[in-house]
Amino acid sequence: MQPTIPPPFQGYGLGLRVPHYAEFLARQQPVDFVEVISENFMVEGGRPLDTLARIRDRYDVALHGVSMNLGSDDGVDLDYLRRLRALADTIEPLWLSDHVSWTGVGGINSHDLLPLPYTVEALDVLARNVLDAQDALGRALVLENPSTYLSFSDNTMDEPGFLRALCERTGCFLLLDVNNIFVSATNHGLDTEAWIERLPLDRVRQIHLAGHSQGVDMLVDTHDAPVPETVWDLYRRFLPRLGEVAVMIERDDHIPPLPELLSELDRARQPAIVATP
Amino acid sequence: MSLGDLQRRLLTAVMTGRPVPELSAAGQRVYANNVRCQLLAALRDTYEKCAAWLGDDVFHVHARAYIEAHGSTSWSLDHYGSDFPDYLARAFPERLELSELAWLEWALRTAFSGRNASGLALEELHVRDWDGVQFSFVPTLMYRQLHTNAPALWAGIATGQGIHTRPSDSATDNGHGVRVWRHELTPRFVSMTRAEHACLDLLVAGATFGEVCEWLSSTAREKDVASAAGSLLRAWATDGLITGVRETG
């Protein structure tokens, strides 16, 4: 059976994290959707599922995973996919997303988004896993470009070409993380304009906006700071080329009071002035 | 090199911090640091009271040692650290309170998101033949014997009150053990007597309430049996532990 295609959704949202649960439940916040980390709710019961059910009563929800491990030579984890499908069937999310990366192999999970070489073999493995996952989940996936900190000398494609081929082979959609584009382009000396030009923009369903940190040797995708001007600038340039997309601020560390994030989201709503310092 | 070989080598490199020579060492350092930070954060989150009791620096050293020896085998970071209580028992054989405190934290974490089940109140237990009845309990129920006052230690750390470790109060039987469960959405624990521990063991294994009373009569004075059995039943029902009854007769 063909996986269900997630319809486009135009709106502005936040990554929902524990410190803000109470405020989102106490009163309707000015967002069009929230995104939650799937794995935090792929549990048997208790407070996490109770909270998510009450959130879902008030908001549209996107489920964003970090452990689907789609690029792994191990293949997909059917138990993981069964749990995710059960959650999705209950929550009825806008879509299910995860990353163009792998997290583990040989049964060991690093819990980090590790990079794939952009080769025919890696594309074969990833495409097979994405098709298997979409089959098990009954839904086409939305997949995010990762921040990367190393590249492989045997790459035969660039990242946009790899993503385009993946979309063509699997029917998946894209979550464009603008911060990740900036981090990877800076770390590897790439031209962001050329990067975005080669992307199948009609496949983009969602945008992530986030901050990063300067590490010892390179930029690191830490999600612990406000969206920097460099990322706002890319967003302003890219947004007019996209169709209906869901735009979201993502913060995972040093989480500020909710009004600060809502204020950042207001800036995302006004792309015409988004680059104004 | 095949993708599988590359992934196995790179994973080993980021888990151990010993980089693959033909790939960027700086890039591998970022991934290795990310992995270490994620696993450390998971242990700190689950074993918050242990970290407070041990002190941050000592906890950090042992969390690092645990991570070196234990890769994550689950897709969920919530599952990481299940062997940490055993690790602490080996690392601190003279400080039993540490592994028992860690066990309590793990049990509470497990109960937090365990399977839902509704407990029956005492008046909802419709039983004709109490001797032949079997009980089922909430799936989040965990219990064990303790050798220290780890539950008091947990509470003392949670409230910020100073507390000293001491052996469990086995002389009065009040601190024989602990049981953990989730009542509605809140994980809970209470101290458990030796008698309650034995009765739960029997019931969980499928014994009838009559068999439990027989066991109590073998250990208690005859006239105390009804009172002891009634007290346990009331406590379990009040705590929402009993999810069902089945009459075998």
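The values are calculated or read from the model by the stated rules, or taken from the named source; none is laboratory data. All values derive from a computational prediction rather than experimental measurement. We place every Cβ from the backbone using ideal geometry, glycine too, and count neighbours over all the protein chains shown. Remember, those area values only see protein heavy atoms, side chains included, never the ligands or the DNA or RNA. Shrake-Rupley method; radii C 1.70, N 1.55, O 1.52, S 1.80 Å.
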Residues other than residue A:63 with Cβ under 12 Å of its Cβ, Lys/Arg counted +1 and Asp/Glu -1, net out at -2
Using a 1.4 Å probe on heavy atoms of the protein chains only, the accessible area for residue A:198 in Å², nearest 10, reads 110
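For residue A:197 and residue B:130, what is the calculated FRET efficiency with R₀ set at 51 Å and r taken between the beta-carbons, to the nearest 0.05?
0.05
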If one compares the long axis through the Cα atoms of helix B:3-16 with the longest principal axis of the Cα atoms of chain B, the angle in degrees, nearest 10, works out at 80
Taking N as the number of residues in the range A:158-215, the ratio of its alpha carbon radius of gyration to 2.2 N^0.38 Å works out to 1.15
Averaged over the residues of A:76-83, the number of partner chain Cβ atoms within 10 Å of each residue's own Cβ comes to 1
Check: C-alpha center the range A:77-110 vs C-alpha center the range B:197-213, spacing in Å is 41
One would report the antiparallel percent of DSSP beta bridges in the protein assembly as shown, rounded to the nearest 5, as 45
Distance in nm between residue A:79 and residue B:8 label points, each 7 Å along Cα→Cβ, equals 2.2
Given unit charges at Cβ for Lys, Arg (+) and Asp, Glu (-), the dipole magnitude of the protein assembly as shown about its Cα centre in debye, nearest 20, is 480
Checked the range B:197-249 against the a/c 1.5 cut and the a/b vs b/c comparison, axes a ≥ b ≥ c from its Cα gyration tensor; verdict oblate
For B:102-113, B:50-61, ranked highest to lowest by mean beta-carbon neighbours within 10 Å, the order is B:102-113, B:50-61
Env charge @ residue B:51, Cβ radius under 15 Å, K,R +1 / D,E -1, value -1
Computed for the range A:165-241: size of charge dipole around the Cα centre, +1 on C-beta of each Lys and Arg, -1 on C-beta of each Asp and Glu, debye to nearest 20, value 360
Mean per-residue count of partner chain Cβ within 10 Å for A:112-118 equals 5
Per-residue average of other protein chain Cβ atoms inside 10 Å, peptide B:22-30 -> 6
Around residue A:50 (Cβ within 15 Å, Cβ-to-Cβ, excluding residue A:50; K/R +1, D/E -1) the net charge comes to +3
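Looking only at the range A:120-223, where both bridge partners belong to it, what percent of the DSSP beta bridges are antiparallel (to the nearest 5)?
Here the share of antiparallel DSSP bridges comes out near 20 percent.
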The Cα extents of the protein assembly as shown along the principal axes, largest first and rounded to whole Å, are 87, 46, 44
Calculated from DSSP helices alone, with each H run of at least 4 adding -39500 (n - 2.57) and the total divided by the residues of the protein assembly as shown, [θ]222 nm to the nearest 500 comes to -13500 deg cm²/dmol
Computed on Cα atoms, Rg of the range B:1-157 relative to 2.2 N^0.38 Å comes out at 1.41
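Using a Förster radius of 22 Å, what is the FRET efficiency between residue B:69 and residue A:255 based on their Cβ-Cβ separation? Nearest 0.05, please.
0.10
Keeping all protein chains in place and using 1.4 angstrom, which order do B:37, A:167 fall into by accessible surface area, from largest down?
B:37, A:167
If each residue of separation counts as 0.36 nm, what is the full-extension length gain between residue B:18 and residue B:1 once their alpha-carbon separation is subtracted?
Working: separation 17, 0.36 × 17 = 6.12 nm, distance 1.88 nm.
Length gained between residue B:18 and residue B:1: 4.2 nm.
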Two pseudo-spin positions, 7 Å from Cα along C-beta at residue A:26 and at residue A:157, lie apart in nanometres by 4.8
Cα-based Rg and Dmax for the range A:63-153, in Å, come out at 12.8, 44
Applying the span-like rule to chain A (DSSP H, Cα extent along axis at least 18 Å, Kyte-Doolittle mean at least 0.0) gives A:78-91, A:120-137
Taking the range B:78-188, the whole-percent share of alpha-carbon pairs separated by over 18 angstrom is 60
